[in-house]
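Data first, discussion second: the structure below is written as structure tokens.
The values are calculated or read from the model by the stated rules, or taken from the named source; none is laboratory data. Keep in mind that this is a model prediction, so the values were computed, not measured. FYI the Cβ positions are ideal-geometry reconstructions off the backbone, even for glycines, and counts take in every protein chain you see. The protein model used for the area step is the full one, side chains on, heavy atoms only, and it has no ligands, DNA or RNA in it. Shrake-Rupley method; radii C 1.70, N 1.55, O 1.52, S 1.80 Å.
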Amino acid sequence: MAKTSLSFVPNQKVNPKTWKEWDAFPTDSILEFHRQLPEYSITPLHSLNALSKKLGVNRIWVKDESHRFGLKSYKALGGSFAIARFLQQRYDLEDLHFEQLHATNFPDSEEIVFATMTDGNHGLGVAYIVSKLGYESQIYVPKEMVSARIEAIEKVGGTVTIFEGGYDDAARQIAKDAEEYGWKVISDTAWENYTQIPEWIIAGYSTIFEEVKEQLAWDVPTHIFIQAGVGSLASSLIQYFRTVYESDGIKIIITEPDCANCFYHSAQINDGKAHNYPGKVDTMMAGLACAEPNPIAWPVIRDGTDFMLSCSDKISALGMRSYYHPEKSDPIIISGEAGAVTFGALIEMCRNPNYSAIKEKLELNSKSKILLVNTEGATDPVNFEKVIQSG
Ligand SMILES: Cc1ncc(COP(=O)(O)O)c(C=O)c1O
């Protein structure tokens, strides 16, 4: 039986001197753009007061992205901003008005087909926004992807192609196919000579943190745990908090599955370079099942992260159940495999004496104000039920 296990490595390359050189995102205009989307509403920031008391910490805040645009994850924030910026450049538009980007406004719009590979959430976000704007999308998915995630993409109008191989192979294949068929690739990871779209995607995610800033009214977290697959979300968070909050007192902790932990592995090698996860990628946290770091996210993660955590699937399952069965007056939160791992890790570190050394290193104590992001809801309802019932 798989073990409940958790390990961490301090990131020795963290380098606050570089933070001042980073560009701040134009967050006002990005949020302004997202506010124009038909299903936009600010997502909740929950305060888990009863659990904070039980675990002996000051605060636990959870930014809950499980209802963003009715799509069960935050992902469309990135894809929508990148697609909008691409269309803005192509048609030389002065401002970003959502309605103005619609295909019916441009005589040559039939030539544009957007394409991406996905482990589920990113492809859904792209297909959703592309359909809203009246264009076509081609979405490559791995053959192991559960049918609920495929159906969700088809339901919003994406054309799905099932692909043999993992996320990283799909990225290579789609780059080739896009060249052959003239598609515009909207990838959340970069490669040689392909960086602009992923940069816009990373910038698009900043809306989450801009909302958090408003919701916290500038109260400053001491710890932020953030999940990483290719690292685009984490780099957005790091760039945001290290530029907007003039505080180096925030500890940022990247959290990954132990069978896809490329950032943890890179911090272990500690030569300043990004390294692929060398083993077989095998985790129920589908959104985090990436062996290769996004090369443009890496420098930000390397310079801006304090610790890397590596967690077994059981930690994620613990998080899913604990969100679903909250402490006393705390709210029920629906969280899927990739969404819940940071919560499971926090609970396990605080309650299991085997991890007291990690807890001490992270300085998790009665003064700690912890921010988590629930990045997805029950995107795989069958596994969600199984995990919830198994507790
Ligand atoms: C639910 C969820 N959480 C977290 C992530 C991690 O994001 P990134 O791949 O940018 O590190 C993903 C990626 O798809 C995801 O789907």
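When you count the other C-beta atoms within 10 angstrom of each residue and take the mean per peptide, 71-82, 205-216, 356-367, 233-244 line up highest first as 71-82, 233-244, 205-216, 356-367.
When the chain is treated as a Gaussian network with alpha carbon springs shorter than 10 Å, the biggest mean-square fluctuation among 136, 99, 192 belongs to 192. Bridgeable lysines around residue 75 (alpha carbons under 25 Å apart, same-chain partners fewer than 8 residues away excluded): 63, 132, 143, 155, 176, 184, 213, 251, 314, 386. Given R₀ = 56 Å, what would the calculated FRET efficiency be for residue 58 paired with residue 146, taking r from the Cβ atoms and rounding to 0.05? Working from the Cβ atoms, E equals 0.90. Taken per residue, the accessible surface of the chain reaches 41 Å², heavy atoms only and a 1.4 Å probe. When both bridge partners sit in the chain, DSSP labels roughly 25% of those beta bridges antiparallel. Of the residues 145, 284, 117, the one that moves most in a GNM of the chain with alpha-carbon contacts below 10 Å is 145. Put 149, 85 in order of accessible area, highest first, and with a 1.4 Å probe you get 85, 149. Across the chain, the relative contact order, built from alpha-carbon pairs under 8 Å that are at least six residues apart, equals 24 percent.
Note on the chain: with a GNM built from Cα contacts shorter than 10 Å, the maximum mean-square fluctuation among 137, 232, 368 falls on 368.
Using C-alpha pairs under 8 Å with a sequence gap of at least 6, the mean separation divided by the residue count of region 96-153 gives a relative contact order of 37 percent. My understanding is that a pair violates if its Cα-Cα distance is over 26 Å; which of 273/361; 17/54; 17/72 do that in this structure? Violating the 26 Å Cα-Cα cut-off are 17/54; 17/72.
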